[in-house]
1. Here's a check for you: in region 1-35, which residue that is under 16 Å from the mean Cα position of the chain (by Cα) and aliphatic (A, V, I, L, M) is farthest from Arg75 (Cα to Cα)?
2. Which residues, taken from region 1-26, are hydrophobic (A, V, I, L, M, F, W, C) and in a loop (DSSP other than H, G, I, E, B)?
3. Of the residues in region 5-20, how many are within 15 Å of Ile80 (Cα to Cα) and open to solvent by 80 Å² or more (accessible area, probe 1.4 Å)?
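The values are calculated or read from the model by the stated rules, or taken from the named source; none is laboratory data. Keep in mind that what you see is a predicted model, and the values were worked out from it rather than measured. To get the accessible areas, we keep the full protein, side chains included, count just its heavy atoms, and leave off ligands, DNA and RNA. Shrake-Rupley method; radii C 1.70, N 1.55, O 1.52, S 1.80 Å.
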Amino acid sequence: MGKQPFAQPFTNNSADGELVFFGGTIDQMIITKNGGHMNLYIDAITIFVPAQIAQELTLQKGDSITVFGVVQTYRGKKEIVISSGKDISVIPVYTANNSPA
């Protein structure tokens, strides 16, 4: 069944521990200096990807993604924490010059 039926759309009012979904275009990606974790930024929302998951991913700035994760507050700011590589889906971008695979 997956997480989709249980997740709520992420908002800045989402409670810590709540399962949420969120999507958009990656504005920025940062690999942490200590630990190799990845922070993805979409519309000023932080998505935290632990190192063991980050090393499995091939993402880049400009990718459109959808994520499922749990809300936590880190340094006073809400973020979405990913628990599995399956919780991140890249949304293919189609143009007039290409077609779905």
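1. This residue is Ala7.
2. The initial filter retains those residues of region 1-26 that are hydrophobic (A, V, I, L, M, F, W, C), namely 1, 6-7, 10, 15, 19-22, 26.
If the condition is that a residue be hydrophobic (A, V, I, L, M, F, W, C) and in a loop (DSSP other than H, G, I, E, B), then Met1, Ala7, Phe10, Ala15, Ile26 are the ones that fit.
3. Initial filter on region 5-20 (within 15 Å of Ile80 (Cα to Cα)): 7-20.
Still in the list and also open to solvent by 80 Å² or more (accessible area, probe 1.4 Å): 8, 12-13, 16.
Summing the residues that are within 15 Å of Ile80 (Cα to Cα) and open to solvent by 80 Å² or more (accessible area, probe 1.4 Å) in region 5-20 gives 4.
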